[in-house]
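Below is one structure, written out as C-alpha cells; comments come after it.
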There are 2 protein chains.
Amino acid sequence: MPDQPLRLTRQRQAVADALATIDDFRSAQEIHAVLASQGHGVGLATVYRTLQLLAEHDQVDVLRTDDGEASYRRCSGTHHHHLVCRSCGATVEIEGPAVEQWAQAVAEEHGYADVSHTLEIFGDCPRCR
Amino acid sequence: MPDQPLRLTRQRQAVADALATIDDFRSAQEIHAVLASQGHGVGLATVYRTLQLLAEHDQVDVLRTDDGEASYRRCSGTHHHHLVCRSCGATVEIEGPAVEQWAQAVAEEHGYADVSHTLEIFGDCPRCR
DNA sequence: CTTTGTGCAAAGCCTTTGCAATTTT
DNA sequence: AAAATTGCAAAGGCTTTGCACAAAG
C-alpha cells in the first residue's frame with residue numbers, strides 16, 4: 001500500500017523551515033512559539049500533527065524529556081550536548097568526541113545497533129552563585 | 001541541610017514490596033493496579049509520591065516511554081546510565097566512570113558548580129533485529 | 001470538484017497539588 | 001502532641017481529536 005500523497009502546505013513548509021534553522025531538540029510548543037513570533041501563524045495542533053508526520057517519515061528525531069515532553073530535532077544536524085544552568089537556564093554547547101565513541105562502543109558490546117544517545121550536564125553557573 | 005526523616009508506612013512498604021517482585025519497568029498506574037488487586041489499598045497519588053521518593057534516593061530507575069508515561073523499576077542504588085532498545089525497551093544498566101569525570105571537568109571548566117548529568121544510549125537490541 | 005489539511009476548542013491522559021483527616025514517631 | 005503522610009478530588013500541562021471551513025491537486 002503506497003503512502004497517501006502528502007500535500008505541501010504553507011504550514012508544513014513553515015515547520016520544516018523552522019527545524020532547518022535549529023539544530024537542537026525543541027518541544028512542539030517551542031516550535032509553535034517560534035513560528036508565531038515570526039508572524040507565520042500555524043495552529044498548535046497543526047504543529048503537533050506535522051511533527052508527528054515528519055517523525056513517521058524519519059525527517060526528525062523524537063525523544064522524551066524527563067518531564068514527559070516530546071522533543072523534536074531534524075535529523076543529520078551537528079551533534080552536540082548541553083551544559084545547562086539549573087537556575088537561569090544559561091546553556092553552553094559541549095562536544096565530547098570521547099563520549100560519543102564510548103557510547104558507541106558500549107552499545108555495540110551489548111549487541112545494540114544504530115546507536116544514538118542523549119546527554120546533558122547540569123550545574124549552577126557562575127552568574128547564579 | 002540534612003534529609004528529613006522518612007517514615008516507614010504500610011503504603012511505602014507495599015510499593016517497595018511490589019517493586020521487589022517485579023523485574024521490569026512498570027508505570028505508576030500499573031503498580032497502583034497491582035497493589036489494588038492484592039487487596040492493599042494505596043492511593044494513586046501516594047504511589048506517585050512514593051515512586052518519586054524512591055527515585056530521588058536512587059532506589060528505582062525512571063524512564064519515559066515513547067508515549068510519555070514514566071516507568072519505574074527497582075535498581076542497584078548506584079549511579080548509572082541506560083542502554084535502551086528503541087523498539088522493545090529492553091534496558092541494560094551502564095556505568096561509565098570516565099564519562100562522569102569528563103562531565104564534571106567540562107562543567108567546572110565553564111564555572112558550573114554542583115554538577116549532575118543525564119545520559120541515555122539508544123539502539124536496536126539484538127532480539128529486535 | 002474531491003480529497004487532504006487547518007484551526008479551534010473540547011476532551012484525554014498522566015501527573016501533581018491543596019487540604020483535611022490520619023498515622024508515625 | 002508534633003510532624004509527616006495519606007486520600008480524594010481538583011487542577012495542571014502536554015497532546016490528541018471532532019468537526020466545519022479552507023486549501024491543494
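Where a number appears in this text, it was derived from the coordinates with a stated rule and is not lab data. Remember, it's a predicted structure, so these values are computed and weren't measured experimentally. Cβ placement follows ideal geometry from the backbone for every residue including glycine, while neighbour counts extend to all protein chains displayed.
Across segment B:45-73, what is the number of residues that are in contact (Cβ under 8 Å) with a residue 24 or more places away in the chain and either closer than 30 Å to residue A:72 by Cβ or of a type in the set (Phe, Trp, Tyr) (or both)?
Of the residues in segment B:45-73, 10 are in contact (Cβ under 8 Å) with a residue 24 or more places away in the chain and either closer than 30 Å to residue A:72 by Cβ or of a type in the set (Phe, Trp, Tyr) (or both).
Condition first: of a type in the set (Phe, Trp, Tyr) and out of contact with any Lys or Arg (no Cβ under 8 Å at 6 or more places or on another chain). Now tell me which residues in segment A:10-66 satisfy that. Reasoning before the result, please.
So in segment A:10-66, the residues of a type in the set (Phe, Trp, Tyr) come out as A:25, A:48.
Result: A:48, single match.
Please verify whether segment B:63-73 includes one or more residues that are more than 14 Å from chain A (Cβ to nearest Cβ) and not in a strand (DSSP E or B).
no
Please go through (1) exposed (fewer than 13 other Cβ atoms within 10 Å of the Cβ); (2) more than 7 Å from every other protein chain (Cβ to nearest Cβ) for residue B:80 and return the number of the only condition it doesn't satisfy.
(1)
Among the residues of segment A:88-129, count how many are surrounded by 12 or more Cβ atoms within 10 Å (Cβ to Cβ) and either outside any helix (DSSP H, G or I) or more than 7 Å from every other protein chain (Cβ to nearest Cβ) (or both).
Of the residues in segment A:88-129, the ones surrounded by 12 or more Cβ atoms within 10 Å (Cβ to Cβ) are A:90-92, A:94-96, A:99-100, A:102-104, A:106-108, A:110-113, A:115-126, A:128-129.
Imposing the further condition that a residue be either outside any helix (DSSP H, G or I) or more than 7 Å from every other protein chain (Cβ to nearest Cβ) (or both) reduces the set to A:90-92, A:94-96, A:100, A:104, A:108, A:110-113, A:115-125, A:128-129.
The qualifying residues number 26.
Condition first: touching a residue at least 40 places away in the same chain (Cβ under 8 Å) and not acidic (Asp, Glu). Can you find one or more residues in segment A:30-44 that meet it?
Taking every residue of segment A:30-44 in turn, at least one turns out to be touching a residue at least 40 places away in the same chain (Cβ under 8 Å) and not acidic (Asp, Glu).
Being surrounded by fewer than 14 Cβ atoms within 10 Å (Cβ to Cβ) and touching a Leu at 6+ places or on another chain (Cβ under 8 Å), is that true of even one residue in segment B:24-40?
yes
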